[in-house]
Amino acid sequence: MGGVLDERAAIEGEIAGRTVCEQLRWAAGEHPDAPAYSDPAGDGWTTLTYGEARQQVLRIAAGYAALGVGPGDAVALMLVNRSEHVLADLGAVHAGAVPCSVYATFAPDQVAFVANDVAARVAVIGGPAELARWEPVLGELPSLERIVMLDGAPEGDDRFLSWADFLDLGARALAADPAAVEARWRSVAPDDVLTVLYTSGTTGNPKGVPLTHTNVVFEVESTQRVIDLPPQSTQISYLTYAHIAERVLSLYLPLFKVNHVHFCTDLANLGATLAQVRPVMFFGVPRVWEKMAARLQALLAVQPEEQQEKVRAAMAAGLAYVEGLQHGHTVTDQVRAAYEQADAALLSVIRSLVGLDRARWLATAAAPMPSEVQRFFAGLGLKVIDVYGMTETTGAFTCNTPDSFKLGTVGRAQPGVEVRIAGDGEILTRSPLNTRGYLNRPEATAELLDDEGWLHTGDVGSVDEDGFVRIVDRKKEIMITAGGENISPANIENYLKEHPLVGQALAYGDGRPYPVAILTLDGEVAPGWAQARGVAFESLADLATHPDVLKEVEAAVEAANAKLARVQQVKRWRLLPVEWTAESAELTPSLKLKRRVIHARYAGVIDEMYAGS
């Protein structure tokens, strides 16, 4: 334990007094001409240097101040990944305000909840698509005074301001009184809230997680002590900035490493962006790695059989080599020689096809990585390593590293981080990475953090003799899709059951590309519904296959989806010919779902709904 506490004290001494504002000042001062942010433009890129980016940030900070945003006020952001998102975020921080990126998939009522929960005074949004999510609830946001739009700001409405006019306002305000902005960012303290991110709760309402400058700076410094990446590396930003992983990796980390961030505004273009940028570091949620592997496999499948056999042999050598590099394993001279030959002949060529030929750090998190996908990339000589964390822990608090990893684990505790397993198997952690609690949710905070400062992750796991953590199961019911989205199944299920025909509903999507649902009819309501409409039937099973009933249930699913964010919406569903009861073991005596029983009993039904996805 002394070692962990000594590491923590060393890091705390190293980061004392540092803020993100100070870090940007350092990066721009030491490397003013280094490329910072590149946006796609036709066949090329438009790029801001660190010096130019900081000047923009100061103008934006002055613009916020001119709009009446004061220290501690919240600014809501809903934009795709682009330089303006980062600049608007950092500008708010330099004005002493608190930026909050909102998921662009949130339904209007969820947008309203978040905006009111943080009491946002200004919102910066992308264009008409984002406005469509805000406009229906603008009358419900008493704190919101102005909306800045990058594109398509409505004319004649004083609530709206175009991005160009906002920048002009900031430039004039900064020129008139540069000392005011200087005073704003210099007054920002390490323990001030840097951002608020939202994570799903079991009740359906998202929970706000305030993170401080100290949380983030500790995360970056702790990570840098175990992952040695070269400065001024290239990287790609494509996951939403409402996600803690993307925020740490491509918004904050670059300010410390002076990295060059390339924005991918559309996930459909990620493959082409990878080939162009050839990043040194790349993070992907499991679904991204799954799709990349599927594309490569499809490409290899159309090659002549002789070539396919050569690739299979080369990948077998690659897999043996990577597995031998694991902690506690050894690579024999024979395995190394076979890999080097395979790498020179084929593997290096395949890596270059996907733009990963220069990659030195490849990682995944947010959901379990399918072992076959991890082994596929290992066959290419690539170590796609797992890390583990939460929004509430400022991202990763355990990690594998390129030099110390075990496939199938989420690595060891980062420097300065304590991890232990509670009596019931729950993973607990304590460190300066932990949030101080949820925004406006004292009861939820009490469940998250105990009196000794241990954060209860809600996950069940184990720690081996070498300190590597393995996730065994989830104690909490939140499901995490293959895309890394945290989704409350209970929220989906409650909306589905609003229709009287639906007796029980189970939403599923853990580690899968999208949510699906298994439904049952209400044994009391369904017969009466059918009789009133002249639908002939002899049993509940008959009704479950009747076209009129299926049409009505389809309408119930559509009505539920209309109330959910896109990533929460049910893409496929099945109506069972039975009821779930306590006697049949799908429900507890208090009529709660026994999820594990249902998952096991209907595994075939679930797999069928994902067939071909």
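The values are calculated or read from the model by the stated rules, or taken from the named source; none is laboratory data. These figures come from a predicted structure and were not determined experimentally. All Cβ positions, even for glycine, are placed from backbone atoms using ideal geometry, and neighbour counts span all protein chains on display. Keep in mind that these areas ignore ligands, DNA and RNA; they rest on the heavy atoms of the full protein, side chains included. Shrake-Rupley method; radii C 1.70, N 1.55, O 1.52, S 1.80 Å.
Okay, here's what the table says:
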{"item": "Among (1) free of Cβ contacts under 8 Å to residues at least 40 places away in the same chain; (2) touching a helix residue (DSSP H, G or I) at 6+ places or on another chain (Cβ under 9 Å), the one test that Glu465 misses", "result": "(2)"}
{"item": "Within the stretch 194-299, helices (runs of 4 or more DSSP H) holding 2 or more residues that are touching a Lys or Arg at 6+ places or on another chain (Cβ under 8 Å) and either within 23 Å of Ser101 (Cα to Cα) or at pLDDT below 95 (or both)", "result": "213-224"}
{"item": "So Ala555, is it open to solvent by 10 Å² or more (accessible area, probe 1.4 Å), of a type outside the set (Asp, Glu) and part of a loop (DSSP other than H, G, I, E, B)", "result": "no"}
{"item": "Count - residues of the stretch 512-534 that are surrounded by fewer than 17 Cβ atoms within 10 Å (Cβ to Cβ) and not in a helix (DSSP H, G or I)", "result": "5"}
{"item": "Residues satisfying the stated conditions in the stretch 482-520, i.e. at pLDDT 85 or above and in contact with an Asp or Glu (Cβ under 7 Å, 6 or more places away or on another chain)", "result": "Ala482, Pro489, Leu501, Val502, Gly503, Ala505, Leu506, Ala507, Thr520"}
{"item": "Subset of the stretch 461-478 (residues that are modelled with pLDDT under 85, among the aliphatic types (A, V, I, L, M) and assigned to a strand (DSSP E or B))", "result": "Val472"}
{"item": "Flag for Glu608 being part of a helix (DSSP H, G or I), farther than 28 Å from Gln110 by Cα, open to solvent by 50 Å² or more (accessible area, probe 1.4 Å) and in contact with a strand residue (DSSP E or B) (Cβ under 8 Å, 6 or more places away or on another chain)", "result": "yes"}
{"item": "Residue among Thr212, Thr195, Thr265 that alone is of a type in the set (S, T, N, Q) and surrounded by fewer than 18 Cβ atoms within 10 Å (Cβ to Cβ)", "result": "Thr265"}
{"item": "Ala313 more than 30 Å from Tyr238 (Cβ to Cβ) and crowded, with 18+ Cβ neighbours inside 10 Å", "result": "no"}
{"item": "Selected residue (criterion: modelled with the lowest pLDDT) from residues of the stretch 70-113 that are of a type in the set (Val, Ile, Thr), within 17 Å of Leu131 (Cα to Cα) and within 17 Å of the chain's Cα centre (by Cα)", "result": "Thr105"}
{"item": "Some residue of the stretch 393-405 being in contact with a His (Cβ under 7 Å, 6 or more places away or on another chain) and either of a type outside the set (Asp, Glu) or over 22 Å from Arg278 (Cβ atoms) (or both)", "result": "yes"}
{"item": "Identity of the residue in the stretch 346-395, free of Cβ contacts under 8 Å to residues at least 60 places away in the same chain and among the β-branched types (Val, Ile, Thr), that ends up surrounded by the most Cβ atoms within 10 Å (Cβ to Cβ)", "result": "Ile385"}
